[in-house]
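**Student:** Would you mind keeping the following structure in view while I ask a few things?
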Amino acid sequence: MLKWLWLTAVVVGLDQATKLLAVQYLPMHVPHPLLPVLNLTLSYNEGAAFSFLSNAGGWQRWLFIGLALAVSLVLVVWLRRLTRRDRLIAIALALVLGGAIGNVIDRIWQGKVTDFIQLYYGQWHFPTFNVADMAISIGVVLLLIDGLFGGRGGKTT
């Protein structure tokens, strides 16, 4: 099922292109409303999800790069072992892999991840995120759906 790596490449390309546009056209921390619940707002995250360890002094960069590369390797091996019947799992893994690679590229080149999508409702604001984060989230949801309703549960033959 390595044929699904095209989806990984699309996610990485879309993620990097949108981050480049965000950096070029959005001033830091200035919201640009698109919808009543959606802003484009440039920010950077040196930590992980929800800015976990963002103020840890710099060592977290290498931890997150190492984790992302290790997880990426595991995902490629898992993808390789899938059969044709595991299409949903393959799509999910390709999405997670693309998101992981997209964010690790940022960490390697900048030491931080570029975020620019901000959801909010009234005074409540969800942490700013990017296309890579969306791909990871969608991939995880697909894995959960397959695990709960997929029957085979990702077993390989």
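The values are calculated or read from the model by the stated rules, or taken from the named source; none is laboratory data. What you see is a predicted model; the values in this text were computed from it and never measured. A quick note on method: Cβ atoms are made from the backbone with ideal geometry, for glycine too, and the neighbour counts reach across all protein chains shown.
**Student:** For the range 108-138, what are the residues that are of a type in the set (Ser, Thr, Tyr) and touching a residue at least 40 places away in the same chain (Cβ under 8 Å)?
**Tutor:** Once the filter is applied, which keeps residues that are of a type in the set (Ser, Thr, Tyr) and touching a residue at least 40 places away in the same chain (Cβ under 8 Å), the range 108-138 yields Thr114, Tyr120, Tyr121, Thr128.
**Student:** Can you find a residue that is within 29 Å of Tyr44 (Cβ to Cβ), buried (at least 22 other Cβ atoms within 10 Å of the Cβ) and among the aromatic types (Phe, Trp, Tyr) anywhere in the range 101-111?
**Tutor:** No, the range 101-111 contains no residue that is within 29 Å of Tyr44 (Cβ to Cβ), buried (at least 22 other Cβ atoms within 10 Å of the Cβ) and among the aromatic types (Phe, Trp, Tyr).
**Student:** Sticking with this structure for a sec: With the requirement that a residue be surrounded by 13 or more Cβ atoms within 10 Å (Cβ to Cβ) and either among the acidic types (Asp, Glu) or within 13 Å of Leu95 (Cα to Cα) (or both), what does the range 3-41 give you?
**Tutor:** Result: Trp4, Leu5, Leu7, Thr8, Ala9, Val10, Val11, Val12, Gly13, Leu14, Asp15.
**Student:** If I ask for residues that are hydrophobic (A, V, I, L, M, F, W, C), farther than 24 Å from Val113 by Cα and surrounded by fewer than 15 Cβ atoms within 10 Å (Cβ to Cβ), which ones from the range 68-92 would you list?
**Tutor:** The answer is Val77, and nothing else.
Here's the yes/no breakdown for (1) within 18 Å of the chain's Cα centre (by Cα); (2) of a type outside the set (A, V, I, L, M, F, W, C):
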| residue | (1), (2) |
| --- | --- |
| Ser72 | yes, yes |
| Leu82 | no, no |
| Asp86 | no, yes |
| Leu93 | yes, no |
| Gly98 | yes, yes |
| Asn103 | yes, yes |
| Val113 | yes, no |
| Tyr121 | no, yes |
| Pro127 | yes, yes |
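**Student:** Among the residues of the range 68-81, are any basic (Lys, Arg) and in contact with a strand residue (DSSP E or B) (Cβ under 7 Å, 6 or more places away or on another chain)?
**Tutor:** no
**Student:** Going by the structure shown, is Ile105 touching a helix residue (DSSP H, G or I) at 6+ places or on another chain (Cβ under 8 Å), assigned to a helix (DSSP H, G or I) and in contact (Cβ under 8 Å) with a residue 60 or more places away in the chain?
**Tutor:** So Ile105 fits the description; yes.
**Student:** Okay, moving on. Of all residues being of a type in the set (S, T, N, Q) and at pLDDT 95 or above in the range 104-127, which is farthest from Leu7 (Cα to Cα)? Just the residue, please.
**Tutor:** Within the range 104-127, the match that is farthest from Leu7 (Cα to Cα) is Gln118.
**Student:** Can I ask one more? So Phe64 clears everything in (1) modelled with pLDDT under 95; (2) more than 17 Å from Ala132 (Cα to Cα) except one condition, right? Which one?
**Tutor:** Unmet condition: (2).
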